[in-house]
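What follows is a short report on a single structure.
The values are calculated or read from the model by the stated rules, or taken from the named source; none is laboratory data. Please read these numbers as outputs of a predicted model, since none were measured by experiment. Methodologically, a virtual Cβ is constructed for each residue, glycine included, from the backbone with ideal geometry; neighbour enumeration extends over all protein chains shown. Accessible surface areas use protein heavy atoms only, side chains included; no ligands, DNA or RNA. Shrake-Rupley method; radii C 1.70, N 1.55, O 1.52, S 1.80 Å.
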Amino acid sequence: MYVVRPQFFIPMITLLRNAAMNSLHYKSELALVKAQNVDITRFENQLEDFKTSFGRNWRLASDGFEEAVKRIDEAIKDLEKTKDALYESANNLRLANDKAEDLTVKKLTRGNPTMAAKFAELRSEGPTESN
């Protein structure tokens, strides 16, 4: 217990009041710092959530891009096979055309005496007039 003389009563109340005011000021500053820490923690959590979701979306987009490139490569290979098949077909058609142009009656009758005789018979009869 404390004893305060009456002449010091008002200064003592003033000291207690000032101490209470300082304590209230420190408490409000502490509450503000705590609120700021909560805000910083919330901001860090939101930043981590954003990074996680952005990374997931980036990974999905990257996988989709890789899949699209792979399909394009497969389509190019298929088209190249088709092009090669068309060139081979054109080459075979050219060879068939060369063989058809090189075909003569002489070549057809060589080694076939029956056909050679028939064509010789037709030549000996001569051209006929068709009027």
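General remarks:
- Accessible area (Å², per residue) of the chain, counting only protein heavy atoms and a probe of 1.4 Å: 97
- Gaussian network model of the chain, Cα within-10 Å springs - most flexible of 47, 95, 24: 24
- Here each label is just a point 7 Å from Cα along the line to Cβ, and for residue 108 and residue 30 those points are 11.7 nm apart.
- Zone of residue 123's modelled label, taken as backbone nitrogen in the stretch 95-115 under 20 Å from a point 7 Å along Cα→Cβ: 102-115
- Rounded to the nearest 20, the Cβ-based charge dipole of the chain about its Cα centre (Lys and Arg +1, Asp and Glu -1) stands at 820 debye.
- Under the combined filter of DSSP loop state and at most 13 neighbouring Cβ atoms within 10 Å, the stretch 35-131 retains these GluC sites (Glu not before Pro): 129.
- A straight Cα-to-Cα reach below 15 Å connects residue 107 with the aspartates and glutamates 98, residues fewer than 8 places away in its own chain not being considered.
- Dipole-positive endmost among 76, 2, 35 within the chain (Cβ charges, Cα centre): 2
- Projected over all directions and averaged, the alpha-carbon convex hull of the chain occupies 23.9 nm².
- Dipole-positive endmost among 26, 124, 87 within the chain (Cβ charges, Cα centre): 26
- Of 76, 40, 13, the one that fluctuates the most in a GNM where the chain has Cα springs shorter than 10 Å: 13
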